[in-house]
1. To the nearest 0.05, what FRET efficiency results for V42 and N108 with a Förster distance of 22 Å applied to their C-beta separation?
2. Counting only C-alpha contacts under 8 Å and six or more residues apart, can you give the relative contact order of the range 65-108 as a whole percent?
3. Greater than 20 Å separation of Cα atoms is the criterion. Which listed pairs, K25/K47; K47/K101; K68/K101; K43/K104; K56/K101, meet it?
4. For T22, which sequence-distant residues (separation of 5 or more, or a different chain) have an amide H within less than 5 Å of its own amide H, given hydrogens modelled in the peptide plane?
5. Counting other C-beta atoms within 10 Å, and keeping those with at most 14, which DSSP coil trypsin sites (Lys or Arg not before Pro) do you find in the range 17-61?
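What follows draws every value from the coordinates through simple rules; no lab data is involved. As the structure is a prediction and not an experimental result, all values here were calculated from the model. Heads up, the Cβs are rebuilt from the backbone with ideal geometry, glycines too, and the neighbour counts pull from every protein chain shown.
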Amino acid sequence: MALGAGGIARGALAQDKPVEMTIAKWTGAPSPTNDQIKQIAVKLTEKAIEGLGGMKRFVKQGDVVWVKPNIAWDRSPEQAANTNPEVVATLIRLCFEAGAKRVKVGDNPVHQA
């Protein structure tokens with residue numbers, strides 16, 4: 001999983017502390033179970049955000065945050081056409097833990113709801 005945070009850096013943060021890419025890689029069993037995949041998604045997301053300096057680097061107390069996952073396709077998580085729901089849930093949790101007042105999630109889906 002690779003997470004780039006350039007789109008969420010703002011103001012002095014973007015000028016004083018360049019945002020880089022971090023990579024969190026699964027090195028465990030080659031064919032994890034569905035439950036393991038959920039746990040892996042959470043751990044890799046946490047590790048990737050930690051590698052960028054933690055969510056508090058980007059989210060301040062009282063912020064309203066927009067999370068824009070790729071959720072445009074009418075596919076199951078196992079088909080990996082969209083952002084894993086566990087990744088989205090983890091990002092939301094980390095935003096709230098960092099002090100966000102509200103976290104909104106959205107995309108422009110290709111298929112009708």
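1. Values: r = 26 Å, r/R0 = 1.18.
Computed FRET efficiency for V42 and N108: 0.25.
2. Numbers: 48 pairs, mean separation 24.8, N = 44.
So the answer I get is 56 percent.
3. Details: K25/K47 9 Å; K47/K101 23 Å; K68/K101 17 Å; K43/K104 22 Å; K56/K101 13 Å.
From K25/K47; K47/K101; K68/K101; K43/K104; K56/K101, over 20 Å: K47/K101; K43/K104.
4. Correct list: L3.
5. Passing both the DSSP loop test and the Cβ count: K25, K60.
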